[in-house]
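Novice: Quick one: this structure, given as structure tokens, is what I'll be asking you about.
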Amino acid sequence: MTVIGRDRPGIVAGITRVLAALGANIEDSTMTRLRGTFAMTLVVEVDAEADQLEASLADAAASLGVKASVSPAVEDAGAAPGAHHVLTLHGADRTGIVAEVTALLAQVGGNITEMTTRLTGELYVLVCEVDLPPQRDSAIVATEVAQLGDRLGVSATLRPAEADVL
């Protein structure tokens, strides 16, 4: 399900209160605020059809000034084999940075699992988590990322991600 709208306090509490009342278990979620707009994506397990869940959320969403939409989840085949890496880029802002970086990652078979960008004054920052295929030499990709950074006039690096410790 997704929730999007103008940011304000109480959105997460209001939506999750409805989910809890329905017996929904939040399995995965991500939430962010982009220049005053709140966006949340959740994967929930609930004993209800997507249209029933969306109808149950309608009043809460309307009172919070957000739009909630629900669709059946696609079965996840599990994590694809590969090595998890973090690409960081920072430098002067210019048009096309995201397009160039993501094109390179697609070319080498990288799967972007999370990406954030932020413009602070003149400084542009991109942080991207990417899984590289097992057969791909990450040192070569790191060199290609650095070369792309040079062409764009920014600093760009690729390094192995640290394992999550739970």
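Nothing in this text is a laboratory measurement; each read-out follows from the coordinates by a stated rule. Please read these numbers as outputs of a predicted model, since none were measured by experiment. All Cβ positions, even for glycine, are placed from backbone atoms using ideal geometry, and neighbour counts span all protein chains on display.
Novice: Normalise the Debye intensity by I(0) for the range 2-69, one equal point scatterer per Cα, no solvent, then take log10 at q = 0.20, 0.28 Å⁻¹ and round to two decimals.
Specialist: -0.75, -1.43
Novice: Quick check: the angle from helix 138-152's long axis to the longest principal axis of the chain, C-alpha only, nearest 10 degrees?
Specialist: Taking Cα atoms only, the helix is inclined about 90 degrees.
Novice: Hey, another quick one. At a Förster distance of 41 Å, what's the computed FRET efficiency of Gln52 paired with Leu119, Cβ-Cβ distance as r, to 0.05?
Specialist: 0.50
Novice: Could you tell me the largest-minus-smallest coordinate of the C-alpha atoms of the range 83-160 on each of the three principal axes, in descending order and whole angstroms?
Specialist: Principal extents (Cα only, largest first): 39, 23, 18 Å.
Novice: Please list the non-local residues whose amide H lies under 5 Å from the amide H of Phe38, H modeled 1.01 Å from N, same-chain partners needing a gap of 5 or more.
Specialist: HN-HN under 5 Å from Phe38: Gly5, Arg6, Asp7.
Novice: Give me the percent relative contact order of the chain, please, defined on Cα pairs under 8 angstrom at least 6 residues apart.
Specialist: That works out to 21 percent.
Novice: Need one number: nm distance between label points at Ser155 and Ala73, each 7 Å from Cα along Cα→Cβ, rounded to one decimal.
Specialist: Inter-label distance under the simple model: 3.9 nm.
Novice: Could I ask something else about it? So for the chain, Kirkwood radius off the Cα pairs, Stokes-Einstein at 25 °C and 0.890 mPa s: how many µm² s⁻¹? Let's see the in-between values first.
Specialist: On the way: Rh = 18.3 Å.
Translational D for this selection: 134 µm²/s.
Novice: If you don't mind, there's one more thing I want to ask. Rounding to the nearest 10 and keeping the result within 0 to 90°, find how far the Cα-based axis of helix 50-64 lies from the longest principal axis of the chain.
Specialist: 90 degrees
Novice: Contour minus end-to-end for Val98 and Gln135, with contour as 0.36 nm per residue of separation and end-to-end as the Cα-Cα distance?
Specialist: Gain on stretching Val98 to Gln135: 10.8 nm.
Novice: Rounded to the nearest 0.05, what FRET efficiency do Ala163 and Thr41 give with R0 = 35 Å and r taken as the Cβ-Cβ distance? Could you check?
Specialist: Rounded to the nearest 0.05, the efficiency is 0.90.
Novice: Okay, helix-only estimate at 222 nm for the chain: each DSSP H run of n ≥ 4 adds -39500 (n - 2.57), divide by all residues, round to 500 deg cm²/dmol; what do you get?
Specialist: It lands at -10000 deg cm²/dmol.
Novice: On a 0 to 90° scale, report how tilted helix 11-21 is relative to the longest principal axis of the chain, with both axes built from alpha carbons and the result rounded to the nearest 10.
Specialist: For helix 11-21, the angle is close to 60 degrees.
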